[in-house]
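This report refers to the structure that appears directly beneath it.
The values are calculated or read from the model by the stated rules, or taken from the named source; none is laboratory data. This structure is a prediction, so every number in the text was calculated from the model and none was measured. As a convention, Cβ positions derive from the backbone with ideal geometry for all residues, glycine included, and neighbour counts pool all protein chains shown.
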Amino acid sequence: MQDFSRRLVAWQRRHGRHDLPWQGTRDPYLVWLSEIMLQQTQVASVVPYFERFRARFPDVASLAAADEDEVLALWAGLGYYSRARNLHRAARLLVSEHGGHFPETRAALESLPGVGRSTAAAIAAFAFGRREAILDGNVKRVLARHFALPGFPGEPRVARRLWTLAESLAPARGIERYTQALMDLGATVCTTRAPACGRCPVSRSCEAFRRGAPEAFPAPRPRREIPRRRTVMLVLLHGGDVLLEKRPPTGVWGGLWCFPEAPSVAGAKAIAARLGCKVGRTATLPPVTHGFTHFTLEIAPLLAMSAKRDPRAGEPGTMWVPLDDAGAGAVPAAVRKILALVARQGERGGSRRARSRAREARGAAGS
């Protein structure tokens, strides 16, 4: 066990990642921010979001004081939006109940919204030097291969075994570099496909490598059919503005601004009528498909022009936004895709009108 950690630490010094923007600090705020962003998201995607968040919210107090819409707008595109809402909730809790200071133990850190066992362990290790074991997706893969552990890591029996191994391997000293080494190994060497076993510092004791079957571990998630759900989104335009509706705080895209949603075209038109909008012509835009963890959402966008703009359409929870600015707000990726479709539709319409005017001008000149 000691040899495993020693080899990993020595490898990380020479070959690990050392230039990530959240490295080289013991500031628990920055460590926490990076660990929340890295949940289920690759490093390359996180880096620009981390930089923007750090610039706008340099400490936990500034994040706690922010409006949720601004937090969600900065997060938009990173996915798993409950992380952003929990980040904001945790910041406010840290300010109101902890004086803006982070607790130093894993158990206390786990009490924060959105912080699970592995994330709390990473914060405790990197920020406070605590001997704690992490077990994110990369580490599960490394350990499952090294010990040729059968079974899917999501099964409780397998997860318990992995936690036992992770805790037994954590060294008494140098926990920060060892933890980083585990993360780096899983991300750059012991990858899901085509692992670079020839560059692995612990390959000589890896049971999966000895068997010549590293990709056989860990076992994949048992296959199941991903359900598909269908919905209609009302893209209601008036002049150069589009109507957006704030989603409930929990559930899919919780707290974000979206188009009003209905199960059918008739239902979407009924929403427009309820809002006092007199809908003229409508057009069905190309469908948009968006994948979630447990289902796939098929969206049929209904583009509707409103000749009338009733005050009810500006009631709390709804707002008219300039079409060109809507994508910059706290909107999910699927809404941005639909806004791009609307823009292309407008460009095509403008081109058709320009061609028509050109034909009319040529006809007038000929006469």
Exercise. Could you say whether any residue in the range 205-217 is under 23 Å from the mean Cα position of the chain (by Cα) and either in a loop (DSSP other than H, G, I, E, B) or charged (D, E, K, R) (or both)?
Worked result: no
For this session: Take Ala172 and decide whether it is over 31 Å from the mean Cα position of the chain (by Cα), surrounded by fewer than 13 Cβ atoms within 10 Å (Cβ to Cβ) and either farther than 25 Å from Arg26 by Cα or touching a residue at least 40 places away in the same chain (Cβ under 8 Å) (or both).
Result: yes
Exercise. His290: more than 24 Å from Lys269 (Cα to Cα), at pLDDT 75 or above and either in contact with a Pro (Cβ under 6 Å, 6 or more places away or on another chain) or in the same structural domain as Phe259 (by TED's automatic domain parsing) (or both), yes or no?
Worked result: no
Exercise. Would you call Ser367 at pLDDT below 60, of a type in the set (Ser, Thr, Tyr) and in the same structural domain as Glu261 (by TED's automatic domain parsing)?
Worked result: no
Exercise. Quick one: is Thr192 assigned by TED's automatic domain parsing to the domain that holds Arg6, touching a residue at least 40 places away in the same chain (Cβ under 8 Å) and part of a loop (DSSP other than H, G, I, E, B)?
Worked result: yes
Problem set entry | Check on Ala133, closer than 18 Å to Glu167 by Cβ, surrounded by 23 or more Cβ atoms within 10 Å (Cβ to Cβ), in contact (Cβ under 8 Å) with a residue 60 or more places away in the chain and not acidic (Asp, Glu) | no
Exercise. Filter the range 111-130 for residues that are over 20 Å from the mean Cα position of the chain (by Cα) and more than 19 Å from Leu185 (Cα to Cα); which is surrounded by the most Cβ atoms within 10 Å (Cβ to Cβ)?
Worked result: Ala124
Problem set entry | Residue tally, condition polar (S, T, N, Q) and not in a loop (DSSP other than H, G, I, E, B), over the range 107-123 | 2
Problem set entry | Glu104 vs. criteria charged (D, E, K, R) and either crowded, with 20+ Cβ neighbours inside 10 Å or in a helix (DSSP H, G or I) (or both) | no
Exercise. Just wondering, is there one or more residues in the range 165-186 that are in a helix (DSSP H, G or I), hydroxyl-bearing (Ser, Thr, Tyr) and under 22 Å from Pro220 (Cβ atoms)?
Worked result: no
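Conditions tested, residue by residue: (1) in contact (Cβ under 8 Å) with a residue 24 or more places away in the chain; (2) closer than 20 Å to Gly116 by Cβ; (3) of a type in the set (Val, Ile, Thr).
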{"site": "Ala55", "(1), (2), (3)": "no, no, no"}
{"site": "Ala73", "(1), (2), (3)": "yes, no, no"}
{"site": "Tyr80", "(1), (2), (3)": "yes, yes, no"}
{"site": "Ala90", "(1), (2), (3)": "yes, yes, no"}
{"site": "Val95", "(1), (2), (3)": "yes, no, yes"}
Exercise. Yes or no: Ser118 over 16 Å from Tyr29 (Cβ atoms) and among the polar types (S, T, N, Q)?
Worked result: yes
Exercise. Which residues, taken from the range 151-164, are surrounded by 13 or more Cβ atoms within 10 Å (Cβ to Cβ) and part of a helix (DSSP H, G or I)?
Worked result: Val158, Ala159, Arg161, Leu162, Trp163
Exercise. Which of (1) exposed (fewer than 15 other Cβ atoms within 10 Å of the Cβ); (2) modelled with pLDDT of 95 or more; (3) not assigned by TED's automatic domain parsing to the domain that holds Tyr80 is the odd one out, the single condition Arg211 does not satisfy?
Worked result: (3)
Exercise. Can you find a residue in the range 106-117 that is of a type outside the set (A, V, I, L, M, F, W, C), in the same structural domain as Leu8 (by TED's automatic domain parsing) and in contact (Cβ under 8 Å) with a residue 60 or more places away in the chain?
Worked result: yes
